[in-house]
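Student: Sharing a structure, written as C-alpha cells. Questions coming.
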Amino acid sequence: MLHELRRANSVLYRCWQLKEGLRDLYRLHDPSDAPAHLDWWLAWACRSRVPAFLTLSKTVRTNRDRVLAAIELGLSNSKLEGLNSKIRLINHRGYGHHSATALIAMIYLCCGGLTITLPTER
C-alpha cells in the first residue's frame, strides 16, 4: 500500500515521509547531528504545503532549543504515556469504582510492582 501511495505521489505519502523524518531526529546516533537534521526537517515541512505540518513546523521552530535539549539529554515522555495508558485501562476495566480510593488502590496494586502469591498457588 505504501508503494502505491508513493507511485501516486500522494499527499498522504509525503505526510508519512515528513513524520518519519521527524522521528529520525530522535533516532540519530550522534546528538551533535540533531541541529542540522532539525533545520533540514523544518525547511522541508515549510515547503510541504500541508497545513498540519506548517503549524507543527512553526511550533517546533518556536521550541527549537527545548527540542534539541531533550534530544541531547535523551528525555522522552514514553514511560509516562505508557503508565497513563495502563491507568486508563484499569479505570475502564473497573467500570465505575465505588470511590476514588478504590481506583487508587487498584492502580497501586497493578502498577506498584508487587507480586501477590495466592494461598491456592502454593
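The values are calculated or read from the model by the stated rules, or taken from the named source; none is laboratory data. Note that the coordinates shown come from a computational prediction; the quantities given were computed from them, not determined experimentally. Note: ideal-geometry Cβ built from the backbone for every residue, glycine included; neighbour counts use all protein chains shown. The area values use the complete protein model at the heavy-atom level, side chains included, leaving out ligands, DNA and RNA. Shrake-Rupley method; radii C 1.70, N 1.55, O 1.52, S 1.80 Å.
Student: Using a Gaussian network for the chain with springs between C-alpha atoms less than 10 Å apart, which of these wobbles most: A102, A45, A70?
Tutor: Answer for the Gaussian network model of the chain: A102.
Student: Can you give me the angle between helix 11-25 and the longest principal axis of the chain, using Cα atoms only, in degrees from 0 to 90, rounded to the nearest 10?
Tutor: Helix 11-25 and the main axis of the chain meet at about 70 degrees.
Student: Can you give me the solvent accessible area of I90 with a 1.4 Å probe, rounded to the nearest 10 Å²?
Tutor: It works out to around 10 Å².
Student: So, one more: If R0 is 25 Å, what FRET efficiency do you get for L103 and L83 from their C-beta distance, rounded to 0.05?
Tutor: Once rounded, the FRET efficiency stands at 0.95.
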